[in-house]
1. I'm trying to understand the selection: among the residues of the stretch 64-89, which are touching a residue at least 60 places away in the same chain (Cβ under 8 Å), more than 23 Å from residue 16 (Cβ to Cβ) and not in a loop (DSSP other than H, G, I, E, B)?
2. Does residue 11 satisfy the criteria of being touching a residue at least 40 places away in the same chain (Cβ under 8 Å), under 19 Å from residue 131 (Cβ atoms) and out of contact with any helix residue (DSSP H, G or I) (no Cβ under 8 Å at 6 or more places or on another chain)?
3. In this structure, does residue 4 turn out to be surrounded by fewer than 14 Cβ atoms within 10 Å (Cβ to Cβ) and without any contact (Cβ under 8 Å) to a residue 60 or more places away in the chain?
4. Among the residues of the stretch 142-156, are any in contact with a strand residue (DSSP E or B) (Cβ under 6 Å, 6 or more places away or on another chain), surrounded by fewer than 18 Cβ atoms within 10 Å (Cβ to Cβ), free of Cβ contacts under 8 Å to residues at least 24 places away in the same chain and within 26 Å of residue 7 (Cα to Cα)?
5. Only one of these conditions is not met by residue 138: (1) at pLDDT below 95; (2) more than 13 Å from the chain's Cα centre (by Cα); (3) surrounded by 14 or more Cβ atoms within 10 Å (Cβ to Cβ). Which number is it?
6. Scan the stretch 147-171 residue by residue and report those that are modelled with pLDDT under 95, closer than 25 Å to residue 36 by Cα and outside any strand (DSSP E or B).
7. Just to verify a result, which residue in the stretch 102-123, among those that are assigned to a strand (DSSP E or B) and touching a strand residue (DSSP E or B) at 6+ places or on another chain (Cβ under 7 Å), is nearest to residue 139 (Cα to Cα)?
8. If we scan the stretch 125-133, do we find a residue that is within 17 Å of residue 10 (Cβ to Cβ), part of a loop (DSSP other than H, G, I, E, B), in contact (Cβ under 8 Å) with a residue 60 or more places away in the chain and under 16 Å from the mean Cα position of the chain (by Cα)?
């Protein structure tokens, strides 16, 4: 019997409803059921993106490892969102929790419901700021530039550090 290897992954978490810091903590605890969390960025408050008439977000990036395959991971993170009470409203609208798969090992994947690496991560400061804290020299699979180089191309003026991280109390 062949032993399945763990895959290194990077996830982005965001929330702008309710107790935002607690939402991040709860998401990490729930994610730990199928993901070994290695590192968490600090937490940043960021302005809304896309749809602007909504509260500011708290955003964080985490690195970890999982035995799940890409679509299993997608199903799992969507289940975590649902279990936490996320209700789908409209694109870029307010949300209790949002969990995006940024990177899955060195894989590239383009399915109807899942694109890896995340197709818009290199243009979003709310992802790049916390990601650069953890993996500044990472070259995103399929890209030529590092996270640090992409970060230099986006506006980070309204992004503020608000908390060390949300891993306190996680085992």
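The values are calculated or read from the model by the stated rules, or taken from the named source; none is laboratory data. All of these numbers come straight from a predicted model, not from anything done at the bench. Methodologically, a virtual Cβ is constructed for each residue, glycine included, from the backbone with ideal geometry; neighbour enumeration extends over all protein chains shown.
1. 66, 73
2. Working: touching a residue at least 40 places away in the same chain (Cβ under 8 Å): yes; under 19 Å from residue 131 (Cβ atoms): yes; out of contact with any helix residue (DSSP H, G or I) (no Cβ under 8 Å at 6 or more places or on another chain): no.
The answer is no for residue 11.
3. Details: surrounded by fewer than 14 Cβ atoms within 10 Å (Cβ to Cβ): yes; without any contact (Cβ under 8 Å) to a residue 60 or more places away in the chain: no.
Against the criterion (surrounded by fewer than 14 Cβ atoms within 10 Å (Cβ to Cβ) and without any contact (Cβ under 8 Å) to a residue 60 or more places away in the chain), residue 4 does not qualify.
4. Filtering the stretch 142-156 down to residues in contact with a strand residue (DSSP E or B) (Cβ under 6 Å, 6 or more places away or on another chain) leaves 146.
If we keep only those that are surrounded by fewer than 18 Cβ atoms within 10 Å (Cβ to Cβ) as well, we get 146.
Among the residues that remain, those that are also free of Cβ contacts under 8 Å to residues at least 24 places away in the same chain are: 146.
Checking the rest, the ones that are also within 26 Å of residue 7 (Cα to Cα) come to 146.
Yes.
5. Here residue 138 clears every test but (1).
6. Passing the criteria: 164, 165, 166, 167, 168, 169, 170, 171.
7. As a first pass, look at the stretch 102-123 and keep what is assigned to a strand (DSSP E or B): 102-104, 109-110, 115-116.
This time we only want the ones that are touching a strand residue (DSSP E or B) at 6+ places or on another chain (Cβ under 7 Å), so: 102-104, 109, 115-116.
Details: 102: 12, 103: 11, 104: 13, 109: 16, 115: 17, 116: 14 Å.
This residue is 103.
8. Let us first name the residues in the stretch 125-133 that are within 17 Å of residue 10 (Cβ to Cβ), namely 125-133.
From the residues that got through so far, the ones that are part of a loop (DSSP other than H, G, I, E, B) too are none.
So far as the stretch 125-133 goes, no, none of its residues is within 17 Å of residue 10 (Cβ to Cβ), part of a loop (DSSP other than H, G, I, E, B), in contact (Cβ under 8 Å) with a residue 60 or more places away in the chain and under 16 Å from the mean Cα position of the chain (by Cα).
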